[in-house]
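Notes for the one structure printed next.
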Amino acid sequence: YKAGVGPTGESLFPAGIAVQSALADTDVTHVDLDITVDFNTQSIAGTCGMDVTSEINGLTEFTFRLDDAHTIFSLTIDGIVAAYVTDSPTTKTVTLPVTKNDGESFRIEIQYAGTPVAGGFGSFRWTDNGVDPWWVTNPMVSTLSQPYWAHTWWPCKDGDVNQPGDTIDKFTIDMSITAPSNL
């Protein structure tokens, strides 16, 4: 089945979620995530590339999530600078430079930086030696953000917390992390 579509073609998302980002209209197939972690400033900077396939004819926009605690420095679709609007503190919609039809793919590249937001279930966490939590003996950066809260530290297509979002859109990922040598 296509992501977000049931066996008879019905949407698996409630109307509010489906309208929010037309989650079933696209399928993320691969992500390249390259981030640099700065423990001193508790910030990250990175580039996120997403390979996306249209699941409909006439696709003109793509919705992704990234918390406003991050600044987007560059956003391109297939190498073309693209405009986006901020729909909410976590949601952005980018207009595609070329309309895509069912089965056609595009690549979105986002360069960004900011301070990850600590969301539910340890979405992103900085720890200090023996302070928080007490059992950590070295500085540590950790994340637990599947399937929700990923948008607190990288641009992604995910659903809203405690809402039936697009948790069935699975993809492959290549992740590179640059960190100080002591980490």
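The values are calculated or read from the model by the stated rules, or taken from the named source; none is laboratory data. Given the structure is predicted, the values throughout are model-derived calculations rather than measurements. Cβ: placed from backbone, ideal geometry, glycine included. Neighbour counts: every protein chain shown. Protein only, heavy atoms only, side chains kept; ligands, DNA and RNA dropped before computing areas. Shrake-Rupley method; radii C 1.70, N 1.55, O 1.52, S 1.80 Å.
Of note:
- Scanning segment 55-68 for residues that are touching a Ser or Thr at 6+ places or on another chain (Cβ under 6 Å) and polar (S, T, N, Q) yields THR60, THR63.
- Test for VAL81: is it loosely packed, with under 12 Cβ neighbours inside 10 Å and under 16 Å from the mean Cα position of the chain (by Cα): no
- Qualifying residue in segment 70-78 (condition: in contact (Cβ under 8 Å) with a residue 40 or more places away in the chain and of a type in the set (A, V, I, L, M, F, W, C)): yes
- Enumeration of residues in segment 84-119 that are of a type outside the set (A, V, I, L, M), within 18 Å of THR152 (Cα to Cα) and open to solvent by less than 20 Å² (accessible area, probe 1.4 Å): THR91, LYS92, THR93, TYR112, GLY114, PRO116
- Screening THR63 with (1) in contact with a helix residue (DSSP H, G or I) (Cβ under 6 Å, 6 or more places away or on another chain); (2) not in a strand (DSSP E or B) gives one miss only, at (2).
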